[in-house]
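The values are calculated or read from the model by the stated rules, or taken from the named source; none is laboratory data. Because the structure is a prediction, the values reported are computed rather than measured. Every residue, glycine among them, receives a Cβ derived from its backbone with ideal geometry; neighbour counts consider all protein chains shown. These area figures cover heavy atoms from the full protein model, side chains too; ligands, DNA and RNA do not enter into them. Shrake-Rupley method; radii C 1.70, N 1.55, O 1.52, S 1.80 Å.
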Amino acid sequence: MPRRDALPTKPCAHCGRVITWRKKWERDWESVRHCSDACRRASRSEASGEARESLERAVLELLRSRPRDASACPSEIARLAAGPDDWRTMMEPVRRAARRLVAEGLVEITQGGRVVDASRARGPIRIRLARR
């Protein structure tokens, strides 16, 4: 059995978390797109991909409007997307958008000023443009 860190990975199309190859997916690894049944269901029921892309654009626009090393709290982006009264419902969609952007190499997620694994980050996070 290969070591877990040597197995192929890819990001979940819905939440951006890392999916690690499993033996049961051997024949259809290319078609695996979601990390869980919950993400598969949410992806079907959620608004169009256009809404997800607009949220990703909002994250990038906010970060690009700031100094290069500056970061943003997901709540800032949620407030811009939903308004001052209903921003809490947008927090998880913003975090998902950030994870997808991490998978594309465009942003980094930090905690305490240090870059953390986007799939395992729990608690308060900050988002900043990736340092290339």
| Length-normalised contact order of the range 36-95 in % [C-alpha pairs under 8 Å, at least 6 apart] | 26
| said: Let's test this: bin the Cα-Cα distances of the chain at 5 Å from zero up to the farthest pair and state each bin's percent. | reply: 2, 10, 19, 22, 19, 14, 8, 4, 2, 0, 0
| Can you give me the relative contact order of the range 62-101 as a percent, contacts being Cα pairs under 8 Å and 6 or more apart? | 29
| query | With labels modelled as points extended 7 Å from the Cα through the Cβ direction, what inter-label distance (nm, one decimal) is found for L7 paired with E53? | reply | 3.3
| Quick one: if you stick a label point 7 Å off each Cα along the C-beta vector at C73 and E104, how many nm between them? | 2.6
| task | Quick one: accessible surface of D117, probe radius 1.4 Å, all protein chains present, in square angstrom to the nearest 10. | result | 70
| task | First measure r as the distance between the Cβ atoms of T20 and R41, then evaluate 1/(1 + (r/R0)^6) with R0 = 25 Å and state the FRET efficiency to the nearest 0.05. | result | 0.75
| Given a cut-off of under 8 Å on Cα pairs at least six residues apart, what relative contact order in percent is computed for the chain? | 25
| query | What accessible area per residue, rounded to a whole number of Å², is obtained for the chain using a probe radius of 1.4 Å? | reply | 64
| request: Kindly report, to the nearest 10 Å², the accessible surface of E76 as traced by a 1.4 Å probe over protein heavy atoms only. | output: 60
| Net lengthening on full extension, R132/Q111 (0.36 nm per residue, minus Cα-Cα) | 5.7 nm
| request: Quick one: pull the percent of accessible area on the chain belonging to carbon and sulfur, 1.4 Å probe, ligands and nucleic acids left out. | output: 49
